[in-house]
Amino acid sequence: MIKSVIKKTALYLSLFLLSLLLFLLATLPANFVWQQALSSKLIGKNLPIKVLAIEGSVWGGKALVRYQKIESIVDWDISLMGLLSLGLPIDVQVNSQVGSLELGANVGLNSASIEVVSADIDLIYLTPLFRRHRVKLDGSFVAKNIQLEVVDNQIRSARGLLSWSGGDISYPAGRKVHERTLPMFKGKLETKENGDIYIGVRDTGASFDLIEGHLDSGGSAMLKVKRRLLDLSDEAWPQNSREQDVVFKVKKNIYQ
């Protein structure tokens, strides 16, 4: 009889302690974790992002962060139920004067699924970041349903749509700065049947991609730019060439 009572008491106590632990984890203040565990470790690393304020729990909350002079509010929500399947589902929203970003991710032990649900960026607000490079940006960059599958730190599949509204830009050309007005560009990210990842970008008046990007399963990435982009930018190039001819090409293994 006494042994039975002791067993029941031990069981109830264990359940109470487990429930208390889960409650504390579920309500653990994000600011406490930041101040006590993370902030001190990042001091001295000269990170460009500064955390100004945090509220909520580690599983759901928001933070005010600053990059250069751009301040953003970052909201996050992490599903506790996802831990049961050895995954970490997280939804993130970022809002600032630059624009908005909404993404979701499910991070596993050696894999991750990432989706940029939407991104709408007003590029003119990013110009101060490139001022020392004499670059001026304009227009809106939009991305929708960008989906990435990453396994063992390698991209296995990707797809989605992106676009740039076009606008007035400037960039260095030797000692001079060229100012140009470019049309709208649209891009498509896709995974080919052989597993290669391809991104193609074209202007609204073209029947072919004037920028091509390839990534194979071994990590070999190649970027090609065709003469039509120079034509749109009113840059000089030999007239005996075709607008589909490649004028710039770079190749690099991104997994090494």
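Which of the strands (runs of 3 or more DSSP E) found entirely inside segment 162-256 contain at least 2 residues meeting this: more than 22 Å from residue 145 (Cα to Cα) and under 23 Å from the mean Cα position of the chain (by Cα)?
Passing ranges, in order: 220-226, 246-253.
Tell me, please, whether a residue that is under 30 Å from residue 153 (Cα atoms), open to solvent by 30 Å² or more (accessible area, probe 1.4 Å) and not hydrophobic (A, V, I, L, M, F, W, C) can be found in segment 222-244.
Yes, that holds for at least one residue.
Anything in segment 126-144 that is open to solvent by 50 Å² or more (accessible area, probe 1.4 Å) and more than 22 Å from residue 48 (Cβ to Cβ)? List them, or say none.
144, the sole residue that qualifies.
Note down all Cβ pairs under 7 Å where the first residue falls in segment 145-164 and is surrounded by 18 or more Cβ atoms within 10 Å (Cβ to Cβ), the second is of a type in the set (Asp, Glu), and they're at least six residues apart or on different chains.
These pairs meet every condition: 146/115.
Return the residue satisfying two criteria in turn: it lies in segment 222-249 and is of a type in the set (A, V, I, L, M) and in contact with a helix residue (DSSP H, G or I) (Cβ under 9 Å, 6 or more places away or on another chain), and of such residues it is farthest from residue 207 (Cα to Cα).
Taking the candidates together, the pick is 236.
Restricting attention to segment 135-159, which residues are over 23 Å from residue 253 (Cα atoms) and among the small types (Gly, Ala, Ser)?
139, 140, 143
Kindly provide the set of residues from segment 101-125 that are open to solvent by 40 Å² or more (accessible area, probe 1.4 Å) and more than 16 Å from residue 160 (Cβ to Cβ), ordered by number.
106, 107, 109, 110, 111, 122, 124, 125
Test residue 219 against the criterion of being surrounded by 17 or more Cβ atoms within 10 Å (Cβ to Cβ) and either touching a residue at least 60 places away in the same chain (Cβ under 8 Å) or not hydrophobic (A, V, I, L, M, F, W, C) (or both), and give yes or no.
Against the criterion (surrounded by 17 or more Cβ atoms within 10 Å (Cβ to Cβ) and either touching a residue at least 60 places away in the same chain (Cβ under 8 Å) or not hydrophobic (A, V, I, L, M, F, W, C) (or both)), residue 219 does not qualify.
Out of (1) at pLDDT 95 or above; (2) open to solvent by 70 Å² or more (accessible area, probe 1.4 Å), what's the single condition that is false for residue 86?
(1)
Which of the residues belonging to segment 171-204 are at pLDDT 95 or above, polar (S, T, N, Q) and either farther than 21 Å from residue 222 by Cα or open to solvent by 70 Å² or more (accessible area, probe 1.4 Å) (or both)?
Matches in segment 171-204: 181 only.
Considering only residues of segment 83-139 that are among the acidic types (Asp, Glu) and free of Cβ contacts under 8 Å to residues at least 24 places away in the same chain, which is farthest from residue 155 (Cα to Cα)?
That would be 120.
The values are calculated or read from the model by the stated rules, or taken from the named source; none is laboratory data. Being a predicted model, the structure only gives us computed values, none of them experimental. Every residue, glycine as well, gets a Cβ built from its backbone with ideal geometry; the counts of neighbours run over all protein chains shown. Heavy atoms of the whole protein, side chains included, go into the accessibility calculation; ligands, DNA and RNA do not. Shrake-Rupley method; radii C 1.70, N 1.55, O 1.52, S 1.80 Å.
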